[in-house]
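Below is one structure, written out as structure tokens; comments come after it.
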Amino acid sequence: MIPLLLRDIRLSVRAGGGALIGVLFFMTVVAVIPFGVGPDLNLLSRIGPAILWIGALLAALLGLDRLFQAEREDGSLDLLLMQETPLVLTVLVKCLAHWIATGLPLVIAAPLLGLFMNMDEVAIGATTLTLLAGTPAITFIGAAGAAIAVALPRGGLLVSILVLPLAIPVLIFGVSAVHAAIEDPAPFLPPFLILVAINLFFAVIGPVAAAAALRLSSD
Amino acid sequence: MSEPSLAIRKFSDLANPTRFLALVALLWPWMAGLTLCLFAFGLYLSFATLGDYQQGETVRIMYIHVPAAWLSMMCYSVMAVSALGTLVWRHPLADVSAKAAAPLGACFTLIALITGSLWGKPMWGTWWVWDARLTSVFVLFLMYLGLIALNRAMADDPTRAAKVGAVLILVGFVNIPIIKFSVEWWNTLHQPASVVRLDGPTIDPEFLRPLMVMAVAFTLFFFTLHVLAMRNEILRRRISVLRRHAARAVGREGSDA
């Protein structure tokens with residue numbers, strides 16, 4: 001499993017800089033927002049956490065269609081299917097590798113973009129922390145979408161359409177945890193713990209569904 | 001023990017599409033007729049009852065709106081059962097059923113959204129509110145559209161589309177409670193109830209009677225449309241198989257000549 005993890009990370013960092021493109025997209029989306037809503041710093045600091053979260057969500061969805069597509073194209077997907085290790089475990093490891101290569105850079109880039117949004121330290125910290133807890137969930141549930149669309153010639157956009165409604169809870173609890181951290185009366189922990197719970201839940205159903213879909217679409 | 005085995009045998013009889021088509025041909029005129037009668041009765045009741053003392057005549061929108069909203073959820077449950085049928089029992093008609101139900105569910109959800117919007121304008125003063133219930137129905141609508149898009153994208157291979165779609169339906173079905181819960185959480189956090197909601201008082205029998213009749217009528221309407229859509233889907237698949245055979249036969253003749 002470790003070799004698979006390392007291989008996937010290496011491939012996604014090397015091949016066309018897929019990981020960096022995600023971060024670049026994230027930065028571009030966040031940079032475009034002030035042009036839309038105006039350069040009012042107070043407004044930006046108020047909507048900043050939400051902007052960062054939406055940008056990260058879109059950037060995480062962007063690379064998802066490549067999760068199994070490259071393997072299918074060069075035939076190694078069939079080898080993964082024939083392995084003796086359970087397919088669910090393989091999918092889980094691939095998700096982890098994908099998250100390390102594309103999700104983690106988003107989390108690391110978030111504090112810098114938070115400065116652009118005129119957010120204070122607490123808000124930046126909370127946003128980074130919730131992104132750290134929330135982006136794996138997007139990858140896990142996105143893996144199910146990617147596996148479903150793997151047989152399609154132009155699956156990229158469809159994956160986003162299928163996954164976005166399912167990712168709404170992640171967005172809601174991520175943003176509300178940040179808001180709870182900024183505004184005093186609301187406690188930070190409950191939404192954050194629910195976010196972690198959703199993460200764990202998706203870590204189960206995402207790979208299981210993805211493995212089922214891969215098996216069903218391979219025959 | 002004899003009861004379930006008999007039921008299963010009967011149910012598995014339906015796996016034969018020809019037998020299913022014969023049953024549909026026998027049943028659907030009755031179902032359609034009963035639906036029409038119930039709709040006539042329900043609509044008569046809807047317009048014969050009193051208007052609400054606060055909402056006036058607009059309360060009659062409820063007799064369309066509530067059954068449509070109810071069906072939008074029931075349809076997804078039907079699809080989830082069909083998805084289980086596809087994945088677990090490999091019932092040949094289950095994937096037909098799931099595929100036929102998706103556009104119907106989208107239509108009922110759209111009806112619920114539009115009538116709700118029309119009702120909201122006079123009552124709340126706005127076409128759309130980011131209220132928890134409205135939002136979750138809207139997300140359900142998006143999920144229906146995603147499923148339809150998936151079916152269309154894999155139109156050349158309906159069996160595989162059905163299997164993969166079944167996985168998606170089940171993932172969505174597991175997620176719907178989470179989405180509902182999170183949307184409610186989100187709403188209470190961001191927006192205190194700024195809109196006077198109807199659901200305070202328990203509903204009066206005066207309104208309940210037409211509502212129930214309309215709900216049964218809508219349910220029967222759904223099942224009529226569903227079996228007809230399933231029939232069309234089976235026929236469509238047969239035609240495409242026949243076409244493929246015909247094309248192959250022509251190709252063979254061409255190579256012989």
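Taken together, the values in this text are just the output of simple stated rules run on the coordinates, not laboratory data. Fair warning: this is a prediction, and the values are worked out from it, not measured in the lab. Because the Cβ atoms are built from the backbone with ideal geometry, glycine has one as well, and the counts that use them run over all protein chains shown.
Would you compute, from DSSP H runs of 4+ residues alone, the mean residue ellipticity of the protein assembly as shown at 222 nm, taking -39500 (n - 2.57) per run and dividing by the full residue count, rounded to the nearest 500?
That calculation yields -28500 deg cm²/dmol at 222 nm.
Using a Förster distance of 22 Å, how high is the FRET efficiency between B:THR219 and B:LEU118, based on the Cβ-Cβ distance and rounded to 0.05?
Given R0 = 22 Å and the Cβ-Cβ separation, E is 0.45.
Would you kindly derive the ³J(HN,Hα) couplings of the range B:237-252 from the backbone phi angles with the Karplus curve 6.51 cos²θ - 1.76 cosθ + 1.60 (θ = phi - 60°), listing them in order in whole Hz, with x for Gly and Pro?
The phi angles translate into 5, 4, 4, 5, 5, 4, 4, 5, 4, 4, 5, 5, 4, 5, x, 5 Hz.
As I understand it, the value is the acute angle between the Cα axis of helix A:104-116 and the longest principal axis of the Cα atoms of chain A; what does it come to in degrees, rounded to 10?
Orientation of helix A:104-116: about 20 degrees from the principal axis.
Taking a ≥ b ≥ c as the square roots of the eigenvalues of the Cα gyration tensor of the protein assembly as shown, is the shape rounded (a/c under 1.5), prolate (a/b larger than b/c) or oblate?
Judged from the Cα gyration tensor, the protein assembly as shown comes out oblate (a/c at least 1.5, b/c at or above a/b).
What average number of partner chain Cβ atoms lie no more than 10 Å from the Cβ of the residues making up B:141-154?
Mean shielding count: 4.
Quick check on the range A:2-218: take the gyration tensor over C-alpha atoms, sort the square-rooted eigenvalues as a ≥ b ≥ c, and tell me if it's rounded (a/c under 1.5), prolate or oblate.
prolate
Given axes a ≥ b ≥ c from the Cα gyration tensor, I'd like to know whether the range B:64-170 is rounded (a/c under 1.5), prolate (a/b larger than b/c) or oblate.
Judged from the Cα gyration tensor, the range B:64-170 comes out prolate (a/c at least 1.5, a/b above b/c).
Taking 41 Å as R0, compute the FRET efficiency from the Cβ-Cβ separation of A:LEU79 and B:ALA249 and round it to 0.05.
Using R0 = 41 Å, I get an efficiency of 0.55.
Cα-based count: Lys pairs in the protein assembly as shown below 28 Å, eight or more positions apart or different chains?
Counting lysine pairs in the protein assembly as shown gives 7.
Can you tell me how much longer the chain between B:VAL241 and B:LEU208 gets when fully stretched, taken as 0.36 nm per residue apart minus their C-alpha distance, in nm with one decimal?
Computed gain between B:VAL241 and B:LEU208 is 7.0 nm.
If packing is taken as the average number of other Cβ atoms within 10 Å across a peptide's residues, how do B:24-30, B:166-172, B:37-43 rank, most packed first?
B:166-172, B:37-43, B:24-30
Would you mind checking the tilt of helix A:156-182 against the longest principal axis of the Cα atoms of chain A, expressed as 0 to 90 degrees and rounded to 10?
Taking Cα atoms only, the helix is inclined about 40 degrees.
Any chance you could give the angle, 0 to 90 degrees and rounded to 10, that helix A:189-218 forms with the longest Cα principal axis of chain A?
The helix A:189-218 is inclined about 20 degrees to chain A.
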